[in-house]
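The structure appears right after this line, and notes come after that.
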Amino acid sequence: MPKHLKTTKPTVLEVLPALETGGVEHVVVELTEALAKEGFPALVASSGGRMVERIVAAGGKHIALPLHARNPLSLWRNAERLARVIQQQGVALVHAHSRAPAFSAKIAAQRTGARFVTTYHSPYNEGFPGKRAYNSIMASGERVVAVSRFLAELTATRHGTDPARIRIIPNGVDPARFDPAAINPTRRAALAEAWRLPPGAPVIMLPARLTRWKGQPVLIAALSRLARKDAVAVLVGSSQGRTAYVDELERHAAQLGVGERLRIVGDVQDMPTALSLADVVVSASTEPEGFGRAVIEAQAMERVLVAAAHGAVLETVRDRETGFLVSPGNVEELAAALAFALGLSAAERAAMGAAARSRVIAEYSVAAMQARHIALYRELLT
């Protein structure tokens, strides 16, 4: 065993491109918190971003490296940088959460003797030759974490990964934070005012970063077909600099006559309060979600959910019990489901919300996700 691995408190290094926003970034923050609580020195390497302060608050240490770079020369240089970090910080295990950093991390782990884990977070597309080989790095860990059964099966089928190396660890939600009973009415009212939500108007919310495959145009088209002409659609999520796409969405809404009923509000830090303003939450992704954190967050908040029926959503949503499933990209189905959801009685909404929250707490808690990762780390480090 390399000298730097002989420690009673092994250091774990999480690597990802950046710490701006997104489900992967939230997972890394939650793993950092779990590691720190268990007494493991927790390091995170990325090119930085606004969530670095959350890593530090969780008890971790951030190391700034240009891990967002994808060109071959940068990958080799990052491998050298990570190898130095591993040796200097006594890192025993490296956990890669994205493809470009994973190439560098694997090389660094091989050079230093550190254990190597990857997480398959997404059903990465294979739109051009060589993409499958590029994606395969995420299936190359000594252990491969899949955040859903859907991704576990895809990893085994697509890359021939031995199922014995795969660990299914779904992402989780904090039921204490995402609790409708814990919402501050003053914050809620302030957010409603900031978003210019008309009093009494039904609110349909799509929480996702602004990128086409998340289905924002599908929701806008469905909004235009609703009989309820007072319903407002709120798009919550970062544009990540995609101003042209934001302009396109606004033009699309104006052309369909719903421009005045569309709100594009950007990234929101207080998602529980944001979700509490929604009468219906939508997941309209036109490509399958590897997991879909927003789906379980909405259910934890007892919101009525309408989601595209593919990918991991088929695991996290029970049709007509904890939400409603529609065909991906089908505007007519989405509009019909929204109309039905908005027409539910208060008692029906409450019953569906309670069933959804109960299942999320039982099967998708962040505490369970953290415990499973700690058990995996101990498995490799013992």
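The values are calculated or read from the model by the stated rules, or taken from the named source; none is laboratory data. This one's a predicted model, so the numbers in the text were calculated from it and none came from an experiment. We place every Cβ from the backbone using ideal geometry, glycine too, and count neighbours over all the protein chains shown.
A few points about this structure:
- The criterion of being of a type in the set (Ser, Thr, Tyr), within 20 Å of Glu289 (Cα to Cα) and surrounded by fewer than 14 Cβ atoms within 10 Å (Cβ to Cβ) holds for Thr157.
- Condition check for Ala92: farther than 25 Å from Gly23 by Cβ, outside any helix (DSSP H, G or I) and of a type outside the set (S, T, N, Q): yes
- Sole residue being touching an Asp or Glu at 6+ places or on another chain (Cβ under 8 Å) and modelled with pLDDT under 95, chosen from Gln240, Gln269: Gln240
- Failed criterion for Ala231 (all others in (1) closer than 24 Å to Ala182 by Cβ; (2) crowded, with 19+ Cβ neighbours inside 10 Å hold): (1)
- Helices (runs of 4 or more DSSP H) contained entirely in region 292-352, each with at least 1 residues that are more than 20 Å from Ala221 (Cβ to Cβ) and of a type in the set (Gly, Ala, Ser): 293-300
- Count - residues of region 292-311 that are under 20 Å from Leu210 (Cα atoms) and surrounded by 22 or more Cβ atoms within 10 Å (Cβ to Cβ): 12
- Gly90 fulfils the conditions (1) in contact with a strand residue (DSSP E or B) (Cβ under 6 Å, 6 or more places away or on another chain); (2) surrounded by fewer than 21 Cβ atoms within 10 Å (Cβ to Cβ); (3) closer than 16 Å to Val28 by Cβ except for a single criterion, (3).
- Criterion (surrounded by fewer than 20 Cβ atoms within 10 Å (Cβ to Cβ) and either free of Cβ contacts under 8 Å to residues at least 24 places away in the same chain or over 30 Å from Gly343 (Cα atoms) (or both)) met by exactly one of Arg115, Arg149: Arg149
- When Glu20 is tested against the conditions (1) surrounded by 17 or more Cβ atoms within 10 Å (Cβ to Cβ); (2) among the charged types (D, E, K, R); (3) closer than 21 Å to His373 by Cα, the lone failure is (3).
- Sole exception among (1) in the same structural domain as Asp270 (by TED's automatic domain parsing); (2) surrounded by fewer than 17 Cβ atoms within 10 Å (Cβ to Cβ) for Ala208, by number: (2)
- Scanning region 133-161 for residues that are under 11 Å from His121 (Cα atoms), assigned to a strand (DSSP E or B) and of a type outside the set (Gly, Ala, Ser) yields Val144, Val145.
- Top-ranked residue of region 279-291 - restricted to ones that are over 13 Å from the mean Cα position of the chain (by Cα) and part of a strand (DSSP E or B), ranked as surrounded by the most Cβ atoms within 10 Å (Cβ to Cβ): Val282
- When restricted to residues that are more than 18 Å from Arg349 (Cβ to Cβ) and either in the same structural domain as His97 (by TED's automatic domain parsing) or of a type in the set (Ser, Thr, Tyr) (or both), region 269-282 contains 1.
- All positions within region 162-205 that are part of a helix (DSSP H, G or I), under 28 Å from Val366 (Cα atoms) and charged (D, E, K, R): Arg165, Arg187, Arg188
- Test for Pro272: is it part of a helix (DSSP H, G or I), within 19 Å of the chain's Cα centre (by Cα) and surrounded by fewer than 24 Cβ atoms within 10 Å (Cβ to Cβ): yes
- Residue in region 172-180 that is buried (at least 20 other Cβ atoms within 10 Å of the Cβ) and closer than 12 Å to Ala274 by Cα present: yes
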